[in-house]
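Peer 1: Pasting in a structure now, in structure tokens, and then I'll have a few things to ask.
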Amino acid sequence: MRLFLSAVPPTEVLDHLDLALASARRGPAGADESVRWSARETWHLTVAFYGEVPDGAVGALQHGLEEALAPLAPHVLALRGAGVFAHRTLWVGVGGDVEAQRRLAELSAQVGDDLGLRHDQRERHRAHLTVGRSRPGTRPPGRRRRSRGPGEEPAPLAGIDGIVRALAVYEGPSWTVSSVFLMRSEPGAGRGGGPRYTPLTELALG
């Protein structure tokens, strides 16, 4: 089965983000039709990705994570700001004790490496929560900009870049990361053809 480790913000944090996204989508820079929004039930911070894990190795992975995460104390995070990867993936960033989150990611990835599981090529040092992706056919903005006259306001950015601009100053409520979830991922099995994530076990920090 396809597995990853995640930190899931509590309901009140996701409610706050939901309202901010709704506002950004309604705004003049929203251009909601250019983004395919991810379902709220898929919102999470990926800590480590293990790929396809044989059924017989799941117990060893869980045990290894329990041992690796036991010395780690809970830490405080908050969703903050936004960005886009490769003009395609829209994400909300993370503030707070990001060093503790980075350490959590490093230890969790090492557990998978020690078991010989698929090595995650993507770096997890920049924790983020993916909220959407640009729709197929949406092109990145060109480099050329029309010059503005004196005192003229800049034109609002369109599409995914406009939403990033609208969310640039976003800051959500803080929460304490006291546990993480080993999740099963089933691509295409979720709402609207998106992925379906099923928690297998909760692992406490400390």
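Peer 1: Between a residue in the stretch 99-118 that is in a helix (DSSP H, G or I) and any residue that is open to solvent by 80 Å² or more (accessible area, probe 1.4 Å) and modelled with pLDDT under 95, which pairs come within a Cβ distance under 6 Å, given they are 6 or more apart or on different chains?
Peer 2: Within 6 Å, the pairs are R102/H125.
Peer 1: How do the pairs read when you match residues in the stretch 187-206 that are part of a strand (DSSP E or B) with residues anywhere that are open to solvent by 50 Å² or more (accessible area, probe 1.4 Å) and polar (S, T, N, Q), using Cβ under 8 Å and keeping only pairs 6 or more apart or on different chains?
Peer 2: Listed pairs, sorted by first residue: L200/Q62; T201/Q62; L203/Q62; A204/S178.
Peer 1: Now for a different question. Farther than 23 Å from A22 by Cβ, out of contact with any strand residue (DSSP E or B) (no Cβ under 7 Å at 6 or more places or on another chain) and modelled with pLDDT under 95: which single residue out of G162, G188, G193 fits that description?
Peer 2: Numbers: G162 fails: farther than 23 Å from A22 by Cβ; G193 fails: farther than 23 Å from A22 by Cβ.
Selected residue: G188, the only one of G162, G188, G193 that is farther than 23 Å from A22 by Cβ, out of contact with any strand residue (DSSP E or B) (no Cβ under 7 Å at 6 or more places or on another chain) and modelled with pLDDT under 95.
Peer 1: List the residue pairs whose Cβ atoms are under 6 Å apart, where the first residue sits in the stretch 171-185 and is within 13 Å of T201 (Cα to Cα) and among the aromatic types (F, W, Y), the second is in a strand (DSSP E or B) and open to solvent by less than 20 Å² (accessible area, probe 1.4 Å), and the two are 6 or more positions apart or on different chains.
Peer 2: Here the result reads F181/S6, each pair linking the stretch 171-185 to a residue that is in a strand (DSSP E or B) and open to solvent by less than 20 Å² (accessible area, probe 1.4 Å).
The values are calculated or read from the model by the stated rules, or taken from the named source; none is laboratory data. Being a predicted model, the structure only gives us computed values, none of them experimental. As a convention, Cβ positions derive from the backbone with ideal geometry for all residues, glycine included, and neighbour counts pool all protein chains shown. All accessible areas refer to the heavy atoms of the entire protein, side chains included, with ligands and DNA or RNA removed. Shrake-Rupley method; radii C 1.70, N 1.55, O 1.52, S 1.80 Å.
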